[in-house]
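This report concerns only the one structure given below.
The values are calculated or read from the model by the stated rules, or taken from the named source; none is laboratory data. Since this is a predicted model, take the numbers as computed values, not measurements. Cβ atoms come from the backbone with ideal geometry, glycine included; neighbour counts cover every protein chain shown. Please note that ligands, DNA and RNA were not included when accessible areas were found on the heavy atoms of the full protein model with its side chains. Shrake-Rupley method; radii C 1.70, N 1.55, O 1.52, S 1.80 Å.
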Amino acid sequence: MTTPQYRTVTYDEVSRNHSILSFLHQGDRSLGIMGFTEHSLPHATIVAHGAGRILTQLGYSEREVELARITGFMHDIGNMVNRVDHAQSGAIIALRILEHMYMPPEEIATIVSAIGNHDEATAVPVHSIAAAVILADKSDVRRSRVRTQNPATFDIHDRVNYSVVKAEVKIDTVNSTCTLDIQVDKEVTPVFEFFEIFLSRMMLCRKASDFLKLRYSLVVNGFPMI
């Protein structure tokens with residue numbers, strides 16, 4: 001039996017892969033029909049770079065940072081199948097794609113386990129890359145994720161995302177903190193609606209921060225909330 005010739009797969013290669021881009025595009029189209037916010041290339045790219053930046057600031061190796069970027073870019077690929085259990089179906093899809101790209105099994109295992117553990121319904125920060133992707137994914141709140149610009153048609157998810165003027169994850173290595181700093185336009189939605197939607201996500205972010213040995217906090221309009 002011939003031993004597979006494994007190779008180093010890069011984020012640039014993954015972010016240009018035709019199959020991955022097609023699967024992400026179809027997943028976003030499906031979610032648009034269901035009424036979900038944007039989950040296409042902007043979200044994939046923001047999560048990829050956010051996860052990489054978190055691990056970079058914490059001093060992880062260049063390869064771990066690259067794997068975090070790859071994971072972040074591919075994390076929602078399962079939406080092509082269905083929103084229900086999209087983390088698990090996405091993990092299987094990623095497994096097949098990365099095997100065909102001849103990525104080493106150890107790296108595939110890291111990426112697949114992170115993708116399978118990113119949705120708050122079932123997620124667990126099983127390692128540092130999974131934790132970084134959780135933090136980057138759950139912190140991507142922004143006006144441009146809202147598909148319609150007609151406030152009369154907004155549901156609570158649209159109102160909350162549309163109300164966010166700015167959202168930034170801040171890593172403080174001196175004080176070992178991870179802070180999601182958000183500016184909310186209260187003319188669009190009251191702050192309590194933000195908590196109604198995002199409380200479970202923030203609790204998951206706290207677990208992810210704990211794994212990275214950081215203390216998590218949420219600051220809304222300059223006021224610490226958790």
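Of note:
- Surface share of carbon and sulfur [accessible, 1.4 angstrom probe, percent] for the chain: 55 percent
- Pairs spanning more than 18 Å between alpha-carbon atoms, out of Lys138/Lys170; Lys166/Lys213; Lys166/Lys186; Lys138/Lys186: Lys166/Lys213; Lys138/Lys186.
- Over all other residues within a Cβ to Cβ distance under 14 Å of Arg215, the charged ones net out to +2, with Lys and Arg as +1 and Asp and Glu as -1.
- Angle in degrees between helix 105-115 and the longest Cα principal axis of the chain, rounded to the nearest 10: 20 degrees
- Ordering of 194-201, 42-49 by packing [mean C-beta count within 10 Å, highest first]: 42-49, 194-201
- Note that the range 32-115 presents 42 Å² accessible area per residue, ligands and nucleic acids not counted, probe 1.4 Å.
- Trypsin sites (Lys or Arg not before Pro) restricted to the range 49-136 and DSSP loop, no more than 16 other C-beta within 10 Å: Arg83
- Principal-axis analysis of the Cα atoms of the chain puts helix 62-74 at an angle of about 70° to the longest axis.
- Angle in degrees between helix 41-57 and the longest Cα principal axis of the chain, rounded to the nearest 10: 80 degrees
- Cα-based shape type of the chain, given that a ≥ b ≥ c are square roots of the gyration tensor eigenvalues and the cut on a/c is 1.5: oblate
- Taking the DSSP bridge list for the range 71-222 and keeping only pairs wholly inside it, about 55 percent are antiparallel.
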